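Encoded as structure tokens, the structure appears first; notes follow it.
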Amino acid sequence: MSIPEAEADVALTASDRDCSQNRLRIEDLEPPTEKTITYRPLPLWTLLIPFSIVGVLIRLGLLALNNYPDAPVVSIVYPQIVGCVIIGWLNTKKEIIAVRYYPAFVGLATGLCGSITTFSSWNLAAFSAFANISDAPRSVGQNHKAYWTTGYIQFLAGIGVIVIVLGMSIVSVAFGAHLGRLRFGVPLNGHNGPPVKLAFMRHPVSLMRPTLPDIVAVAGGVSTWLLVAVLCAILSNQRHTWFATMFGPIGTMVRYRFAALNGKYRSFPFGTFLVNVFGTAILGALYVISHAVALDSTSCSVIKGLSDGFCGCLTTVSTFVVELEILDLRRSYIYGITSVGCGQDCPELKLIARGKVRDLYDVDEKALLFVATDRISAFDVIMKNGIPGKGKILTQISNFWFDLLKDVVPNHLITCNVDEMPESVQKYRSKIEGRAMLVRKLKILPVEAIVRGYISGSAWSEYKKKGTVCDIPLPAGLRESEEFEEPIFTPSTKAEIGDHDENIHPDKLPGIIGDRYAKEVADVAVKIYTKARDYARTKGIIIADTKFEFGVDENGTLVLADEVLTPDSSRFWPADKYAVGQGQPSYDKQYLRDYLTSINFDKSAGVELPQTVVDNTMAKYVEAFTILTGNPPQL
């Protein structure tokens, strides 16, 4: 087959391959006839638009339908199956569709199939499995926290995503080809006689005598793109989907243009390789940006649209898989391993865990990077938009408390100064300055150490019903916000994102972290709360309650970790407005909780916060920091 300029990234069909690569058929014994097809470039390019948009919608729909808890396989496999079945079927019908209208064939194969399948999202899913970004439990038995066990299982999880998606894609292409070969009385080639060998030639652009299909292709493509652009502007619901449909055709066109390189390197489809690798790298960068800083709803929608639309359509699995089948065995392995390997080797993607507020990056064998994002959660649910600048305040106030409490318990902080961090971290200065802590690697204990000096919040709710807090009996007659005679220790389990922490009785703690650490955690937590409480009183702030996290270093020493005494993890009340028997004004995110309660927040999914709530929440964080430290935060 001769394709001048090698424009199409459509894979060769079975009839285009050597006979040694296929089962011998009767029609292969007859010499093929040649047919030259002319086409106009403009209709071909514009026809990529509607097919790309439909492909994006199919992919996002399949992901939404199959993205649920405890799914049997990763959801990204379903778009690959659908797209690969279609490309397999198309390759058997090429002689029929291309002869009738060649741009339609390119639109279906390059636009539709290439946009349904996505190489970048597949590689991101594999990376997420390797790194266990969701921090999902993947170990069994008493040694489930052992590093070697966890690492081994995470390795298997990543390999599983790669193998399942790639294997199902290969099978799906073959299945699609089988469907295409079902004749039902219709000749395989669409006509009786020997197969047709096609050659494609550009037709000079003629505005005087366009064909009806050309007019429909141009008008339909342009109008469809304009329609989704208008929907992006006027619709507030599912805007990321409409942004994805707007950016998707751009990715498809770039991929189609890069396909010209495939014809120049027959032993290695360089065009497909480049778009797949660079598209994955771009997706990685967008992922980091979306999780490192707070963005307004429009910015979130745009980044999500670029990820699902541009990157999703720029990269493709359908063409990648068919190319694997066309290449000989040795070159196929080289091409496949190189593509997937480069897709995983993205320096922007070093995220190994993500909490409700913080992202955790691996730096070296001894250190981690904690990045406090501007995300905000309430009732264990992350809101759709964050509080710009909040991450910097959390980092600065934690640094303040770490220094104040270091004589009570060692902490994991190495430095907050980017200049003192490794060069591999310093190059991200613009993204992490003021919101990052370089910390020691620890074995984190799977509990939160909550200390309460006053009865409020969930403790007050339980006390009104049962007369207890975390099943600890308390004296009768306590009033809301009343101070306890002595601080009480009420631990909780640490839930995954989307789940809720569970308050537990202190007696259950030894069964989770052992007798030694259970007693030490309880004692140390009360000591550091007491010291922080006494200091805050001198500044006119009451610390009603707070929560700590601890880890264990290589010597078995208990170490204070994560954030410390921030407005996210504590209740800060102004002492001059304190009154027993009622709720208190605060310098923390209680204001956010009260707002969510006022709108009957169902605690199942985050909501988009109004700008007034964002501004007022930030103001309380700034005020708390300024009063406690005596200086305004550096934002």
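Read the figures in this text as sums done on the coordinates, not as results from a lab. Predicted model, so just to flag it, every value in this text is computed and none were measured. Here the Cβ is made from the backbone with ideal geometry for all residues, glycine too, and neighbour counts use every protein chain on show.
Report the local net charge at residue 605: Lys and Arg +1, Asp and Glu -1, summed over other residues whose C-beta lies under 12 Å from its C-beta.
-1
What's the magnitude of the charge dipole for region 370-629 around its Cα centre, counting Lys and Arg as +1 and Asp and Glu as -1 at the beta-carbon? Answer in Debye, nearest 20.
Its charge dipole is roughly 300 debye.
Full extension from residue 616 to residue 238: what is 0.36 nm times the residue separation minus their Cα-Cα distance, to one decimal in nm?
133.4 nm
Where nothing but the Cβ of Lys and Arg (+1) and of Asp and Glu (-1) is charged, how large is the charge dipole of region 530-583 around its Cα centre, in debye to the nearest 20?
Computed about the Cα centre, the dipole is about 480 debye.
Which one of 535, 424, 445 has its Cα pushed farthest toward the positive end of the charge dipole of region 370-629, where Lys and Arg give +1 and Asp and Glu give -1 at the Cβ?
424
Using R₀ = 45 Å, calculate the FRET efficiency as 1/(1 + (r/R₀)^6) where r is the Cβ-Cβ separation of residue 527 and residue 420; round to 0.05.
0.95
For region 218-285, what class follows from the C-alpha gyration tensor (a ≥ b ≥ c being the square roots of its eigenvalues): rounded when a/c is under 1.5, otherwise prolate if a/b is larger than b/c, else oblate?
Verdict is oblate for region 218-285.
Just subtract the alpha-carbon distance of residue 594 and residue 366 from 0.36 nm times their residue separation and send over the number in nm, one decimal.
Full extension of this stretch gives 78.0 nm more.
Beyond a 19 Å Cα-Cα separation, which of these cross-linked pairs lie in this structure: 508/531; 390/441; 519/547; 356/603; 304/427; 406/547?
508/531; 390/441; 304/427
Run the numbers for residue 75 and residue 328: contour at 0.36 nm per residue of separation, minus the present Cα-Cα distance, in nm.
The residue 75-residue 328 span can extend by a further 88.0 nm.
Between residue 539 and residue 471, what is the spin-label point distance in nm, taking each point 7 Å from the Cα along the Cα→C-beta axis?
3.7
Just want the answer: with Cβ charges of +1 for Lys and Arg and -1 for Asp and Glu, which residue in 546, 599, 558 is farthest toward the dipole's positive end in region 539-635?
Towards the positive end, the residue furthest out is 599.
With the crude spin-label approximation of a point 7 Å out along Cα→Cβ, what separation in nm comes out for residue 229 versus residue 623?
4.6
Arrange the peptides 44-57, 110-123 so that the one whose residues have, on average, the most other Cβ atoms within 10 Å appears first.
110-123, 44-57
Quick one: net charge of residue 412's neighbours, Cβ under 9 Å, K/R +1, D/E -1?
Neighbourhood net charge equals 0.
Go through 625, 491, 514 and say which Cα lies farthest out towards the positive end of the charge dipole of region 370-629; charges sit on Cβ, +1 for Lys and Arg, -1 for Asp and Glu.
Of the options given, the answer is 625.
Given the peptides 507-513, 616-622, arrange them by the average over their residues of other C-beta atoms within 10 Å, most packed first.
616-622, 507-513
Mind giving me the nanometre distance, one decimal, between the label points for residue 163 and residue 289, set 7 Å out from Cα along Cα→Cβ?
Computed distance between label sites residue 163 and residue 289 equals 3.6 nm.
Just order 385-396, 598-609 by mean Cβ neighbour count inside 10 Å, highest at the front, would you?
The packing order, highest mean first, is 385-396, 598-609.
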